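FYI, it's all coordinate maths here, none of it is from the lab. Only a predicted model underlies this, so the values are computations on that prediction, with no experimental measurement involved. With ideal geometry, Cβ positions are generated from the backbone for all residues, glycine too; neighbour counts draw on all protein chains shown.
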Amino acid sequence: MTQWNEECDVLVVGSGGGGVTGAYTAAREGLSVILVEATDKFGGTTAYSGGGGVWFPCNPALQRAGTDDTIEDALEYYHSVVGDRTPRELQDAYVRGGAPLIEYLEQDENLKFEMLPWPDYFGKAPKARLDGQRHTMPSVLPVSEAPELREVVRGPLDADRLGTPAPDDYFIGGRALIARFLKAIEKYPDATLQRSSPLVELVVEGDAVVGGIVERDGERVAIRARKGVLLAAGGFEGNDELRQKYGVPGVARDTMGPSANLGKAHQAGIAVGADTDLMEQAWWSPGMTHPDGRSAFALWFTAGIFVNQDGKRFVNESAPYDRLGRDIIAQLEDGSATLPYWMVYDHKEGERPPVNATNVSMVETEKYVEAGLWHTGDTLEELAAKIGVPAENLVATVARFNEMAGKGVDEDFGRGDEAYDRAFSNGEPPLVTIDQGPYHAAAFGISDLGTKGGLRTDTAARVLDKSGNPIPGLYAAGNTMAAPSGTVYPGGGNPIGTSMLFGHLAVKDMVG
Ligand code: FAD
């Protein structure tokens, strides 16, 4: 028999969106809860998100903003883009569950949300919401309302990657979401949040999961969970061995996930018989390569084109980042593109690439130049020689692009055909001629926002075994579960939305 060191009703593993929502729900429903977080900061990848957006159609924040969307329309959209790769009932649970969750959360004075319009990622699918009215973000929180959390909440990304201080004015986006939940949880005495306490194993008695083993200060601590264990420990994007084993394209160096997202919770679940699905999947994006050698999630390209090793365009550069990432990966796999590929642009806005959201800030230009990542030529021919692509191809590619930009229609790759493509260019197709030298090129790779394959669950977030039966006492949410969205990213806010909702549903199931 296990010698328990600590006891609670609910053990939550991880402190991203799913972890804090699960812990909050448990505390509010009168259960005692222990949340264990592997690192010395709360928030995970969720806290890195600049928007902290959630895709929860028809939720109260959207209703307040006057949306005329319906759940039926949202379901039709979601079903059409996800297809039958994941169980229909899991898809429905996600689409239907967001609105009641926001209603539940907003009853707490600490938890406030508002609309952030962001177009759906498949603009031509039936019932796509092109005005972005399915997307919601947490309201900002002045740091003065929770100064003790400033150093405790992870991020922003620049703090972790560039050593810049955490902002002292506002918690924004994912940091606001985490800080708001931590504030909301604070008032419940039976909620304990423990940092630097990774879960390493689950404890099983009979056929049920009854607790977990956590490493703390070099000791193994056994925590009994009377009602259940919620695994909300993010993906395994930081673990190259697991990436290789499951065939996830890309490498840990280029992921956006924090260092502890190593898949230990996945492995603990698998060790007690959990079934898995979608293990080769991630939320993808192009990555701008920085002098530290890491390619980081970049979006919102206001000009420029991508060219491959042949000096030819090969994708719609303004497509939603996951679709773009998948497109690029497919071409890397069939050999029609190689790394790096290049963003080619002119000098209209200076020498820095026209990327408005790099997520990790650009550092000094010289550092990119010294690292061989950015090149400049007075002519396209000179630039082509520097990046090693055939000059005649690059000249022809740019001429063709300029011709299409003049017409305002990308006949080759459909750039600007969908609302998302135009969201960052005042509604116009983002087709800006490349004609004002000197000419520049910036190296790009592939990044991801985390893996999205994991433990298979039912609609109550109960983890299923290989026969499809729930493993008593074991639940999973977010990137630790096999995502309901399968092999697509239907719209901004799906990852955090999935994490929060299934964290909540798991605990509601434990409450019974
Ligand atoms: P995480 O938020 O990564 O949390 C997992 C936590 O578990 C971490 O704190 C980790 O340290 C901890 N952990 C890991 N292993 C263990 C262990 N063994 N024991 C204990 N703890 C452990 N998605 C959206 O939906 N909307 C957005 O607006 C959005 N914007 C983004 C912007 C950026 C710049 C990035 C990088 C990502 C963005 N994403 C967005 C993606 C999204 O942030 C993640 O996919 C999502 O937050 C994952 O949530 P999670 O709860 O599953 O995991």
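Rounded to two decimals, what is the ratio between the C-alpha radius of gyration of segment 253-292 and 2.2 N^0.38 Å? Could you put the intermediate results ahead of the total?
Numbers: Rg = 13.8 Å, N = 40, 2.2 N^0.38 = 8.9 Å.
In units of the globular-protein estimate, segment 253-292 measures up at 1.54.
Along its three principal axes, how long is segment 84-173 when you only count alpha carbons? Whole Å, largest extent first please.
44, 33, 26
How large are Rg and Dmax for segment 1-159 when calculated on the C-alpha trace, in angstrom?
Rg and Dmax of segment 1-159, Cα atoms, are 17.9, 57 Å.
How large is the dipole of segment 58-161 about the Cα centre if only Lys and Arg carry +1 and Asp and Glu carry -1, each at its Cβ, rounded to the nearest 20 debye?
Using Cβ point charges on Lys, Arg, Asp and Glu, segment 58-161 gives about 360 debye.
With r as the distance between the Cβ atoms of TYR170 and ASP334 and R0 = 35 Å, compute the FRET efficiency 1/(1 + (r/R0)^6) and round to 0.05.
That pair, ASP334 with TYR170, gives E of 0.20.
Hey, what do the phi angles of segment 90-97 turn into as Karplus ³J(HN,Hα) couplings, whole Hz, using 6.51/-1.76/1.60 and θ = phi - 60°, x for Gly and Pro?
6, 4, 5, 4, 5, 5, 7, x
Within 10 Å of each residue's Cβ, count the other Cβ atoms and sort ASP217, ASP108, ASP378 from fewest upward. Display every interim value, and only then the final one.
Working: ASP217 7, ASP108 16, ASP378 10.
Least to most surrounded, the residues fall as ASP217, ASP378, ASP108.
Mean shadow of segment 197-266, computed from the convex hull of its alpha carbons, in nm²?
5.7
Given N residues in segment 141-192, what is Rg(Cα) / (2.2 N^0.38 Å)?
Against the empirical 2.2 N^0.38 Å value, I get 1.16 for segment 141-192.
Which ³J(HN,Hα) values in Hz, rounded to whole numbers, follow from the phi angles of segment 483-491 under the Karplus curve 6.51 cos²θ - 1.76 cosθ + 1.60, where θ = phi - 60° and Gly and Pro get x?
Going residue by residue, I get 5, x, 7, x, 9, 9, 10, x, x Hz, with x marking Gly and Pro.
Choose one of PRO249, VAL272, PRO286: the residue whose Cα lies farthest towards the positive end of the charge dipole of segment 236-313 (beta-carbon charges +1 Lys, Arg; -1 Asp, Glu; about the Cα centre).
Going by the charge dipole, the pick is PRO286.
Could you pull out every residue, at least 5 positions away or on a different chain, whose amide H is within less than 5 Å of the one on ALA337? Hs are placed 1.01 Å off N in the peptide plane, and Pro or chain starts have none.
Here LEU332 satisfy the definition.
Within the set of other residues whose C-beta is less than 15 Å from the C-beta of GLU382, count the net charge using Lys and Arg as +1 and Asp and Glu as -1. If you can, show how the numbers build up before the last one.
Working: positive: LYS386; negative: ASP346, GLU351, ASP378, GLU381, GLU392.
Around GLU382, the surrounding residues sum to -4.
Name the aspartates and glutamates eligible as straight-distance cross-link partners of LYS127: C-alpha to C-alpha under 14 Å, and not fewer than 8 places from it in the same chain.
Straight-distance partners of LYS127: ASP68, ASP69, GLU72, ASP73, GLU76, GLU418.
When MET500, MET362 are ordered from fewest to most other Cβ atoms inside 10 Å of their Cβ, what list results?
Lowest to highest Cβ neighbour count: MET362, MET500.
Just the Cα atoms of segment 281-438, one point each, no solvent: what log10 I(q)/I(0) does Debye give at q = 0.10, 0.12, 0.14 Å⁻¹?
-0.33, -0.48, -0.67
In degrees, nearest 10, range 0 to 90: what is the angle between the Cα axis of helix 494-511 and the longest Cα principal axis of the chain?
Tilt of helix 494-511: around 10 degrees.
For the chain, give the magnitude of the charge dipole about the Cα centre (Cβ charges: +1 Lys/Arg, -1 Asp/Glu; no others), in debye to the nearest 20.
With only Lys, Arg, Asp and Glu charged at Cβ, the dipole is about 800 debye.
For ASP465, which sequence-distant residues (separation of 5 or more, or a different chain) have an amide H within less than 5 Å of its own amide H, given hydrogens modelled in the peptide plane?
ASP275, ILE471
If you take the square roots of the eigenvalues of the alpha-carbon gyration tensor of segment 189-237 and sort them as a ≥ b ≥ c, do you get rounded (a/c under 1.5), prolate (a/b over b/c) or oblate?
Taking the square roots of the gyration eigenvalues as a ≥ b ≥ c, segment 189-237 is rounded.
Quote the Stokes-Einstein diffusion coefficient, in whole µm² s⁻¹, for the chain, based on the Kirkwood radius over alpha carbon pairs, a temperature of 37 °C and a viscosity of 0.692 mPa s.
141
Under a crude label model (7 Å from the Cα following the beta-carbon direction), how far is ALA357 from GLU76 in nanometres?
Modelled inter-label distance: 2.8 nm.
Could you tell me the center-to-center distance, by alpha carbons, between segment 414-432 and segment 1-45 in angstrom?
43
Take the alpha carbon gyration tensor of segment 147-241, find the square roots of its eigenvalues, order them as a ≥ b ≥ c, and report rounded if a/c is under 1.5; if not, report prolate when a/b exceeds b/c, else oblate. All intermediate terms of the calculation are to be shown ahead of the outcome.
Details: a/c = 2.40, a/b = 1.61, b/c = 1.48.
Cα axes put segment 147-241 in the prolate bin.
How do the peptides 30-37, 17-24 rank, highest first, by the average count of neighbouring beta carbon atoms within 10 Å per residue?
Averaged packing, sorted descending, gives the order 17-24, 30-37.
Given CYS58, GLY18, THR39, which one lies farthest toward the positive end of the charge dipole of segment 17-77, if we put +1 on the Cβ of every Lys and Arg and -1 on the Cβ of every Asp and Glu?
Positive-end residue among those listed: THR39.
Please order GLU72, GLU215 by the number of other Cβ within 10 Å, starting at the fewest. Walk me through the numbers on the way to the answer.
Working: GLU72 12, GLU215 17.
If I rank by nearby Cβ atoms, fewest first, I get GLU72, GLU215.
Can you give the Rg and Dmax of segment 353-477 based on its C-alpha atoms, in angstrom?
22.6, 66
Using only the C-alpha atoms of segment 207-317, find the volume of their convex hull and express it per residue in Å³.
Here the figure is 170 Å³ per residue.
Which net charge results for the neighbourhood of GLY445, defined as the other residues with beta-carbon distances under 10 angstrom from its beta-carbon, given Lys and Arg at +1 and Asp and Glu at -1?
Taking every Cβ under 10 Å from that of GLY445, the sum is +1.
Using θ = phi - 60° and the Karplus form 6.51 cos²θ - 1.76 cosθ + 1.60, what ³J(HN,Hα) does each residue of segment 211-225 get, whole Hz, x for Gly and Pro?
The phi angles translate into x, x, 9, 10, 9, 9, 6, x, 10, 8, 10, 9, 10, 7, 10 Hz.
Jot down the per residue volume, in cubic angstrom and as a whole number, of the convex hull over the alpha-carbon atoms of segment 40-129.
About 130 Å³ per residue, rounded to a whole number.
Any idea what Rg and Dmax come out to for segment 426-473 if you just take the C-alpha atoms, in Å?
Final numbers for Rg and Dmax: 23.7, 65 Å.
Collect residues whose amide H, placed 1.01 Å from N in the peptide plane, falls under 5 Å from the amide H of GLY52; neighbours closer than 5 in sequence don't count.
Residues meeting the amide H criterion: GLY174.
Say the cut-off is 27 Å between C-alpha atoms; which of LYS245/LYS386; LYS187/LYS264; LYS312/LYS348; LYS245/LYS367 go over it?
Among LYS245/LYS386; LYS187/LYS264; LYS312/LYS348; LYS245/LYS367, the Cα-Cα distance tops 27 Å for LYS245/LYS386; LYS187/LYS264; LYS245/LYS367.
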